Amino acid sequence: MTIATNLNNIKKTIPQQVTLVAVSKTKPVSDLMEAYQAGQRIFGENKIQEMTEKYEQMPKDIEWHMIGHVQTNKVKYMAPFVSLIHGVDSLKLLQEINKQAAKNNRVIPCLLQMHIAEEETKFGLDEKELDEMLKQVQHDKYENIKIVGLMGMATFTENQKQIRKEFQHLKSLFDTYKNVATKNCNIKTLSMGMSGDYELAISCGSTMVRIGSSIFGNRN
């Protein structure tokens, strides 16, 4: 199966209102270009250096999504071009994104990452931290970021009931906050679901899915 065929097959299973992020981390530019030729314009990377190199080599109508855990000292490298940062899990990181966005005269859209999985290794905020963060962000000093939604990753398990429960929990949080509309906060995107569980995530209300191996094959 070619990348283009995989991509088109997946698109058939995704409703029109759901955004597909093609997770292209570790894949060569030639693979990304094959997806690009097949119409894909949104790519997700988890390493800033790799994303920056690909950005420099590829067409400029691509939206680059940073989907991995972000180290604050690397934000400056992607600030000129990144379209969406998925994994904002601390106020410190948000402050750095705001600072670097200001230097580039941009407003950078961000998703706040919620901790919904049972594994301790997954990053993310709890409900209290989310509430605190949204209150903090109302201040004028955050003029160069916009919080556009929530993101979460389910536990890595075969147990569909557990995954569904975690997705539903995130959806209920999303529903609580989606009517919050201020100058720098307008929660419209719910990013959950990957190659193994995206159909379940969509059935639970996801508006954005991150799919890699089902498009590009297994990671290198």
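Values in this text are rule-based calculations from the coordinates and carry no lab data. Quick caveat: nothing in here was measured; it's all calculated off a predicted structure. Here Cβ is always computed from backbone atoms with ideal geometry, including for glycine, and neighbour counts include all displayed protein chains.
Report the rotationally averaged projected area of the chain based on its alpha-carbon convex hull, in square nanometres.
Working: hull surface 46.8 nm².
With the hull built on Cα positions only, its mean projection is 11.7 nm².
Only loop residues by DSSP count here, and only those with at most 15 other Cβ atoms within 10 Å; note down the chymotrypsin sites (Phe, Trp or Tyr not before Pro) in region 1-100 that meet that.
Values: sites: Tyr36, Phe43, Tyr55, Trp64, Tyr77, Phe81; in loops: Phe81.
Taking region 1-100 and a limit of 15 other Cβ atoms within 10 Å, no loop chymotrypsin sites (Phe, Trp or Tyr not before Pro) are found.
Going 7 Å from the Cα of Tyr177 in the Cα-to-Cβ direction, what parts of region 115-134 have a backbone nitrogen less than 16 Å from that spot?
Counting backbone N atoms under 16 Å from the label point, the list is 115-117, 123-134.
Give the distance, in whole Å, between the Cα centre of region 131-155 and the Cα centre of region 70-126.
One Cα centre to the other: 9 Å.
May I ask for the net charge around Gly149, where only other residues with Cβ less than 11 Å from the Cβ of Gly149 are counted and Lys, Arg are +1 while Asp, Glu are -1?
Overall, the nearby charge balance is +3.
Run down the lysines and flag those whose C-alpha is under 27 Å from the C-alpha of Lys47, throwing out any fewer than 8 positions away in its chain.
Qualifying lysines at Cα under 27 Å: Lys11, Lys25, Lys27, Lys60, Lys74, Lys76, Lys92, Lys99, Lys103, Lys122, Lys146, Lys188.
Taking the simple approach of a point 7 Å from Cα along Cα-to-Cβ for both Gln17 and Asn218, what is their distance in nm?
Output for this residue pair reads 3.8 nm.
Under the Karplus relation 6.51 cos²θ - 1.76 cosθ + 1.60, θ = phi - 60°, what is the ordered set of whole-Hz ³J(HN,Hα) values for region 14-24, x standing for Gly and Pro?
10, x, 4, 7, 9, 8, 9, 9, 7, 7, 10
Tell me the net charge near Leu20. Cut-off is 10 Å between Cβ atoms, Leu20 excluded, with +1 for each Lys or Arg and -1 for each Asp or Glu. Present the calculation step by step, with values, prior to reporting the outcome.
Working: positive: Lys11, Arg41, Arg210; negative: none.
Every neighbour counted, the sum reads +3.
Under 15 Å from a label point 7 Å along Cα→Cβ of Glu143: give me every residue in region 80-102 with its amide N that close.
Only 98-102 pass the distance filter.
Any idea what diffusion coefficient region 1-98 gets from Stokes-Einstein, in µm²/s, Kirkwood Rh on alpha carbon pairs, 37 °C, 0.692 mPa s? Don't jump to the answer; show the numbers that get you there.
On the way: Rh = 14.2 Å.
This corresponds to a translational diffusion coefficient of 231 µm²/s.
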